[in-house]
1. If I take all pairs of Cα atoms in the range 151-201, what percentage of them are more than 14 Å from each other?
2. Compute the convex hull volume of the Cα atoms of the chain, divide it by the residue count, and report the result per residue in Å³ as a whole number.
3. For the range 49-115, what is the convex hull volume of its Cα atoms per residue in Å³?
4. Quick one: among Ile159, Ile190, Ile63, which has the greatest mean-square fluctuation in a GNM of the chain with alpha-carbon springs under 10 angstrom?
5. Could you give each residue of the range 130-138 its phi-based ³J(HN,Hα) in whole Hz, using Karplus coefficients 6.51, -1.76, 1.60 with θ = phi - 60°, and x for Gly or Pro?
6. Show the residues, 5+ positions off or on another chain, whose built amide H is closer than 5 Å to the amide H of Leu103.
7. Once label points are set 7 Å from the Cα along Cα→Cβ at both Gln105 and Thr204, what is their separation, rounded to one decimal in nm?
8. Take the Cα coordinates of the range 73-177, assign each an equal point scatterer, and use the Debye formula without solvent to give log10 I(q)/I(0) at q = 0.22 Å⁻¹.
Amino acid sequence: MNSATGQPGGGLAGNPCPFLRALAEDGAVPRDRVSLRQVSSVVADAFAPPVSRTPVLLQVFGIGLIANGLAPRSLWRTLRDGVRLDALRGGPLDKKGVGSRVLDQQGRVDEHQLDRFDEFAADFHDARTGVTESGLGIAQLRTMMDANFARAAGRRRRIDRRLMESEWPVLLAVMGKPSTEGTYLSLTEIRTLVTDRRLPERVTGRLKSR
């Protein structure tokens, strides 16, 4: 039995992505079904410049298209009606525990797995405030993803490691903070994202302004 806490509502149990859960909580996307055009646009809006918008739109559209299933009927339904964010669990992109495991199969937060981020973190000096805080840069994220993949030996798919590259490194591009050591994800903000389903104000500000 893990130390999972919290009760997600409104279909969030079927959504294993902390970023998409936060977007739904913020009202940027519906909790259930959203058109591929809308979800692509919202995710692209969340990125900070100078990330090019067009590649993000195309990538999110493609990922969303297959997220609920690869069968022709499923692809057609997603293309026509949109992707079901509350039915991503169990889909072709669900790693089924071959990841960070911060959310269990019921969509609850596992505090033990969330605390595990500390094992990979380093100190970063915020370039804007000068404050030093624990965080994960690209090097730390890759070490963590490799460790996650290694601990899942015997139940992992080869594609799962590639899927990880579409998660935490992408989140780094969205939520990353500048520092003298490079862009990093603040552990404090990661915890807020996962437990409170809340994005930093600089990200929600970009969503509102666009």
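The values are calculated or read from the model by the stated rules, or taken from the named source; none is laboratory data. Since the model is a prediction, treat every value here as computed from it, not as a measurement. So basically every Cβ, Gly included, is an ideal-geometry build from the backbone, and we count neighbours across all protein chains shown. The accessibility values were calculated without ligands, DNA or RNA, using every heavy atom of the protein model including side chains. Shrake-Rupley method; radii C 1.70, N 1.55, O 1.52, S 1.80 Å.
1. 62
2. Convex hull of Cα atoms, per residue: 121 Å³.
3. About 124 Å³ per residue, rounded to a whole number.
4. Maximum fluctuation in the GNM of the chain, among the listed residues, is at Ile159.
5. Per-residue couplings from phi come out as x, 6, 9, 8, 7, x, 10, x, 4 Hz.
6. Asp110
7. So the label points at Gln105 and Thr204 sit 3.3 nm apart.
8. For the range 73-177 at q = 0.22 Å⁻¹, log10 I(q)/I(0) is -1.28.
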